[in-house]
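S.K.: One structure, pasted below without further comment.
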Amino acid sequence: MKNPNKISSRDVTPADVYFNRRTFIRAGILAASAVATGVAYRHLNPVAAGKVNTPVIPGITKPNVATADAAGFRVDEPETSLEDITHYNNFYEFSTDKEGVAPAAEGFETKGWQVSVEGLVKKPRVFDLDDLLKISPPEERIYRMRCVEAWSMVIPWVGFSLSKLLDVVEPLGSAHYVAFETLLDPKRMPGQRSDVLDWPYVEGLRMDEAMHPLTILASGIYGRALPPQDGAPIRLVVPWKYGFKGIKSVVKIKLVADQPRTTWSAYAPNEYGFYANVNPHVDHPRWSQATEQRIGESGRRPTLMFNGYEEQVGHLYAGMDLRTNF
Ligand code: MTE
């Protein structure tokens, strides 16, 4: 049984740089052939760099970084190529092989998608996807994503703050957490025919984390609708937490009183906590979290506290021991 959050001793050897040979070679070639050229190419022609032909999302706005509200919404670092974002994935409902997800998820049917928002709210509602997406204009948010396996990407998401959706359903004072659930349908998600994880995949956030403006529901990348492998048609993105908190293909959002079960902490509670905040000072039990390999770059860079979003989110954890609440 493989675990996306587990890496073999081979993977922790610096020479193997945490990811497969093909990606490693590509990273090397990119670095050697002047990273700037590759970056410029991807900026000019991001879609041609990959094989994603999902529809273009109209009316995307770009938050103004000068406003206090938007602080942290846009990272001024080269974006990871569309090819890597869409062909190096963790999505166990389709495959446990990072490069196997895209082919296994091809053709995943999302027509008629609905998201139920329920639990401790005044106005529970089952949203058709189109109605949900109308709640707030789509924004391009360029976020770092740091995976627990110690690699990272910079991803231009299209989405809006989850808080806008929660405002519509009016949480009750008794709601302290938000629980998320992925579609359960072994016919459409072949990985669910195995017991590699307990299905459906579930995640959770504390209410203040869920209401933070950096927390988004994403429906696109690089200006286009999400391809299946990245969590079509809608997923969670919480940029200061390890990537596994970004639950994909969400069908249920439930406001609850108690801390909900989450897939990876249920699977290996000593390795994956509920909070999963990116923290270079708290190592995974089997490897360091002090540095990371940015996909498409050579060499390693230091990992930033809260993935670089400390100014925006540090106050949420004031007074908490982040070693026990990992
Ligand atoms: N969501 C579901 N439903 N199933 C999964 O297996 N994997 C998680 C997270 N969301 C996963 C999931 C993990 S481990 C990571 S690192 C991110 O998705 C990867 O997102 P990406 O493939 O878009 O980079």
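S.K.: Skipping prolines and chain starts, which residues have an amide H placed within reach, meaning under 5 Å, of the one on S116, given they are 5 or more residues away or on another chain?
M.R.: Close amide H contacts, sequence-distant or interchain: F127, K252, I253.
S.K.: For labels at R323 and T61 in the simple 7 Å Cα→Cβ model, what's the distance in nm?
M.R.: Spacing of the two 7 Å Cα→Cβ label points: 4.5 nm.
S.K.: Around V169, what is the net charge, scoring Lys/Arg as +1 and Asp/Glu as -1 over all other residues with Cβ under 14 Å from its Cβ? Please list the in-between numbers first.
M.R.: On the way: positive: K122, K123, R125, K164, K252, K254; negative: E118, D131, D167, E170.
Computed value for this residue: +2.
S.K.: A further question on this structure: I'm checking a number: the convex hull volume of the Cα atoms of the stretch 15-317, normalised per residue, in Å³. What is it? Working shown, then result.
M.R.: Numbers: hull volume 40.0 nm³, N = 303.
Given the Cα convex hull of the stretch 15-317, per-residue volume reads 132 Å³.
S.K.: Can you give the local net charge around W113? Use residues other than it whose beta-carbon is closer than 13 angstrom to its beta-carbon, Lys and Arg +1, Asp and Glu -1.
M.R.: Working: positive: K111, R188, R235, K248, K252; negative: E109, D128, D130, D131, D185.
Cβ neighbours under 13 Å give a net charge of 0.
S.K.: Quick query: amide H of G204 versus all other amide H atoms, modeled in the peptide plane; which residues come in under 5 Å with a sequence gap of 5 or more or a different chain?
M.R.: F180
S.K.: Figure the gain on full extension for K122 and D97 (residue separation times 0.36 nm, minus the Cα-Cα span) and round it to one decimal in nm. Walk me through the numbers on the way to the answer.
M.R.: On the way: separation 25, 0.36 × 25 = 9.00 nm, distance 4.16 nm.
Taking 0.36 nm per residue and subtracting the Cα distance, the gain is 4.8 nm.
S.K.: In a shell of Cβ-Cβ distance under 13 Å around N307, excluding N307 itself, what net charge do Lys and Arg (+1) and Asp and Glu (-1) give? Can you show the working numbers first?
M.R.: Working: positive: R144, R146, K241, K245, R294, R301; negative: E77, E292, E310, E311.
Every neighbour counted, the sum reads +2.
Every read-out reported here was derived from the displayed coordinates using simple, explicitly stated rules and does not represent laboratory data. Nothing here was measured: the structure is a model prediction, and the numbers come from that model. With ideal geometry, Cβ positions are generated from the backbone for all residues, glycine too; neighbour counts draw on all protein chains shown.
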